[in-house]
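The values are calculated or read from the model by the stated rules, or taken from the named source; none is laboratory data. Quick caveat, the model's predicted, so the values are computed rather than measured. No Cβ is skipped: glycine too gets one built from the backbone with ideal geometry, and neighbour counts run over all protein chains shown.
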Amino acid sequence: DVKDNKDSYDLTAELPGLKKENISLTYDNNYLTIATKNEQSNDEKDEQGNYVRRERSQSSMSRSFYIDNIDEQKCTAEYKDGILTVHMPKAAEQPETGHTITINGVA
């Protein structure tokens, strides 16, 4: 979810079961990207410690959002109880560029 608060944007993403170390958050060319990596291992042993079965699974996910006009240096993120919250203050309004150019010459 991305919410516009007039002076900032707030993004909330549910990422249950992931560790903070397995989440990557980047902002490049006006795109905020959340990437995750999840590794799971199921081990079952017999009484002698020999493996009867070992399983491993690995998954990854990436999601990008176009969000422009933010102050990249003031962005903050928090991950708690499976919820990633990103606060992105908007950049100061830039004055409009461009102006009319007078054309000189004989009419």
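Yes/no matrix, rows are residues, columns are (1) among the basic types (Lys, Arg); (2) modelled with pLDDT of 90 or more:
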{"site": "TYR31", "(1), (2)": "no, yes"}
{"site": "ASN38", "(1), (2)": "no, no"}
{"site": "SER41", "(1), (2)": "no, no"}
{"site": "GLU47", "(1), (2)": "no, no"}
{"site": "ASN50", "(1), (2)": "no, no"}
{"site": "ARG53", "(1), (2)": "yes, no"}
{"site": "TYR66", "(1), (2)": "no, yes"}
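When GLY17 is tested against (1) surrounded by 11 or more Cβ atoms within 10 Å (Cβ to Cβ); (2) at pLDDT below 90, just one condition goes unmet, and that condition is (1). Count of region 6-27 residues, restricted to those that are touching a strand residue (DSSP E or B) at 6+ places or on another chain (Cβ under 7 Å), closer than 25 Å to GLU93 by Cβ and not hydroxyl-bearing (Ser, Thr, Tyr), is 3.
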